[in-house]
Amino acid sequence: MSNEVTRFRTGEDQQLAQRFAHRAELMQASEIRALFAVASRPEIVSLAGGMPNLSALPMEMMAEVVEKLIKENGQEALQYGSGQGHPKLREQICDVMALEGIRAHPDDIIVTTGSQQALDLISRIFINPGDVVLVEAPSYVGALGTFKQYEANVVHVQMDDNGMIPEALRAAIASVRKTGQEIKFLYLIPNYQNPAGVLLPAERRTEILEICAAEKIFIVEDNPYGLLGFDKPSPNAMRAQDSENVIYLGSFSKTIAPGFRVGWALVPQALKEKLVIAAESSILCPSNFTQLSISGYLADQPWRDQIASFCKLYKIRRDAMLESLDEYFPEGATWTKPHGGFYIWVTLPPEIDTTALMPKAIAAKVAYVPGTAFYADGFGSWSMRLAYCYPTPERIREGVKALGGVIRTEMENRSLI
Ligand code: PMP
């Protein structure tokens, strides 16, 4: 085993690297993955990873669903299935999306191995090296990694506390077009954005849809958090207004459990065939076992109540984090105030480098994700993402207190306070 591990180190490493395809050079572990190892040590309060909190998921209920599936329908559940995804689940997914105003046909849905796979398939279909993908500033680290692997030129569009600014989008499109580069799509997380936690209001959704339709730019609407609103219902999905120009991505990772790895893409009809072929060449078909587990759960269990209990759990944690940020973070730090989802985005004075600060935070037994992880261009060095989804409220308070102390000391050392 130790031979295995050490085999490719040093000189041999380089030789192996020469044998890789060019795209493998672009595959790099995300900053978050590297952090997980440290952040998962029990003494560290991890405000880093966005792991769904499964403590509110009744495992007995899940066991019942899975047991029934295997006993009553094991032959199908453990068999290969359709490349597009199980027809019954695709119908049920339409009911889930109806909660956000979407009227869809099951034929236009492709079930994927988490929405992360949908991001990969869409990138594979659309991106030639050098093509532009527009994204929010900041944006989801997992999507940025995928776009980078397909050699996209990622262009960030400015946001404020209400998400992407339509005027900034117009300006970005004009400036990219001047260079002659092709814009392949706009990638957007309108609900409780990862990493900023902000919500795109209905008026901006309409304006952005209009801009993209006029400019013939597809919108990839990534919506894993839409049903996790705490304070009021989220506006309708963008796909509810436009079925021609929006590729909608959904996921059960946050509303049921990520271990099933079941997500989906709802695509304009003209794209479906290509996406199914791309999916088949990658995985043949999504897992019948996990799809039918989700399907059984949706059919037999009170899934809407379950989502409500997740919201309750996350709201308590959001409140704990906001309260302790108020209490423990020094003046000069600002942060977003999410109405749902998992994340808060903190902005510090520009002199503070949150990557360089990380070892001090770890020494104080708290972890976060430095802001640069959420930019393709190295920006974001004075910001950080804090996730409140996983720790207990007490641990959140403890972690925010420790982090506030680390930031305060750093600011004092730099005479910023
Ligand atoms: N999009 C966003 C915005 C996310 O936050 C995540 C998970 N953190 C994903 C996509 C991928 O989720 P999954 O593959 O589990 O559906």
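For 107, 305, the ranking by accessible surface with the largest value first comes to 305, 107, using a 1.4 Å probe. Distance from the C-alpha centroid of the stretch 144-213 to that of the stretch 328-376: 23 Å, rounded to the whole angstrom. For the chain, the alpha-carbon coordinates run over 64, 58, 56 Å along the three principal axes, in decreasing order.
Of the solvent-accessible surface of the stretch 74-300, computed with a 1.4 Å probe over protein heavy atoms with every protein chain present, carbon and sulfur atoms account for 50 percent. Dividing the Cα radius of gyration of the stretch 259-344 by its Kirkwood radius returns 1.17 for Rg/Rh. Pairs over the 22 Å Cα-Cα cut-off, from the set 148/184; 68/312; 337/365: 68/312; 337/365. Per-residue ellipticity at 222 nm, computed for the chain from helices alone with -39500 (n - 2.57) per DSSP H run of at least four residues, works out to -14500 deg cm²/dmol. In whole angstrom, the stretch 107-232 maps to an equivalent ellipsoid with semi-axes of 21, 19, 13, each derived as √(5λ) from the alpha carbon gyration tensor and ordered largest first. Counting only Cα atoms, the size of the stretch 332-417 along its three principal axes is 33, 29, 21 Å, in decreasing order. Protection proxy ranking of 267-274, 292-299, by the mean of other Cβ atoms within 10 Å over each peptide's residues and highest first, is 292-299, 267-274. Each peptide in 122-130, 217-225 gets a packing score, the mean of other Cβ atoms within 10 Å over its residues, and the list from highest to lowest is 217-225, 122-130.
For the stretch 88-238, the share of DSSP beta bridges that are antiparallel, to the nearest 5, is 10%. Here the peptides 406-413, 12-19 are ranked by packing, the mean other Cβ count within 10 Å, and the order with the highest first is 406-413, 12-19.
Geometric descriptor of the stretch 74-300, per residue, is 112 Å³ (volume of the convex hull of the Cα atoms). Per residue, the stretch 74-300 exposes an accessible area of 38 Å² to a 1.4 Å probe, with every protein chain left in place. Beta bridges assigned by DSSP with both partners in the chain are antiparallel in approximately 50 percent of cases. Quick one: accessible surface of residue 283, probe radius 1.4 Å, all protein chains present, in square angstrom to the nearest 10. Accessible area of residue 283: about 60 Å².
The values are calculated or read from the model by the stated rules, or taken from the named source; none is laboratory data. All values reported here derive from a predicted model rather than from experimental measurement. Ideal geometry is used to build each Cβ from the backbone, glycine not excepted, and the neighbour counts take in all protein chains shown. Side chains are part of the model used for accessible areas, which takes the heavy atoms of the whole protein and leaves out ligands, DNA and RNA. Shrake-Rupley method; radii C 1.70, N 1.55, O 1.52, S 1.80 Å.
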